Amino acid sequence: QVQLVESGGGLVQPGGSLRLSCAVSGVIFRLVAMSWYRQAPGKEREFVATIPRTGNIDYADSVKGRFTISRDNAKNTVYLQMNSLKPEDTAVYSCNTGWAGNVYWGQGTQVTVSS
């Protein structure tokens, strides 16, 4: 059974930082690409960042230079370090992967950027 469990969301002031985690089970983690997406109220879900098993990391233009995706294959966990947060970063953040022809999502974690 594939499971993705996010954590680390919360309320932060503009300019602040948060680190999200996504713990994965049920896959051979070192073999999968991992991605983060977000969905703000009233908007469609959008891509944030992806980290392949090897190769180039990619970011949405809106987060380049502020967010960093990383992975720890020993812990089966992917991270999203978010710095210089803006109110427009407020959203539910979810991690995502593909395995055996299926796409899997976590339940999401709320990030609210507000003063």
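The values are calculated or read from the model by the stated rules, or taken from the named source; none is laboratory data. Here the structure is a predicted model, which is why all the values come from computation and not from measurement. Positions of Cβ are generated from backbone atoms using ideal geometry, with glycine treated the same way; all protein chains shown enter the neighbour counts. To get the accessible areas, we keep the full protein, side chains included, count just its heavy atoms, and leave off ligands, DNA and RNA. Shrake-Rupley method; radii C 1.70, N 1.55, O 1.52, S 1.80 Å.
Candidates are the residues of region 17-30 that are under 17 Å from the mean Cα position of the chain (by Cα) and of a type in the set (Gly, Ala, Ser); the one that is farthest from residue 84 (Cα to Cα) is 25.
Give the number of residues within region 82-103 that are open to solvent by 60 Å² or more (accessible area, probe 1.4 Å) and more than 20 Å from residue 42 (Cα to Cα).
Residues in region 82-103 being open to solvent by 60 Å² or more (accessible area, probe 1.4 Å) and more than 20 Å from residue 42 (Cα to Cα): 6 in total.
Here the condition is being surrounded by 14 or more Cβ atoms within 10 Å (Cβ to Cβ), free of Cβ contacts under 8 Å to residues at least 60 places away in the same chain, among the β-branched types (Val, Ile, Thr) and closer than 17 Å to residue 98 by Cβ; of 24, 48, it holds for 48 alone. If you go through region 81-107 and keep only what is at pLDDT 95 or above and of a type in the set (Phe, Trp, Tyr), you end up with 93, 104, 105. Kindly provide the set of residues from region 74-115 that are free of Cβ contacts under 8 Å to residues at least 60 places away in the same chain, in a strand (DSSP E or B) and of a type in the set (Ser, Thr, Tyr), ordered by number. Scanning region 74-115 gives a single hit, 77. Are any of the residues in region 58-71 closer than 23 Å to residue 110 by Cβ, open to solvent by less than 60 Å² (accessible area, probe 1.4 Å), touching a residue at least 60 places away in the same chain (Cβ under 8 Å) and part of a strand (DSSP E or B)? Scanning region 58-71, I find no residue that is closer than 23 Å to residue 110 by Cβ, open to solvent by less than 60 Å² (accessible area, probe 1.4 Å), touching a residue at least 60 places away in the same chain (Cβ under 8 Å) and part of a strand (DSSP E or B), so the answer is no.
Take residue 108 and decide whether it is open to solvent by less than 50 Å² (accessible area, probe 1.4 Å) and at positive phi. When the stated conditions are applied, residue 108 passes them.
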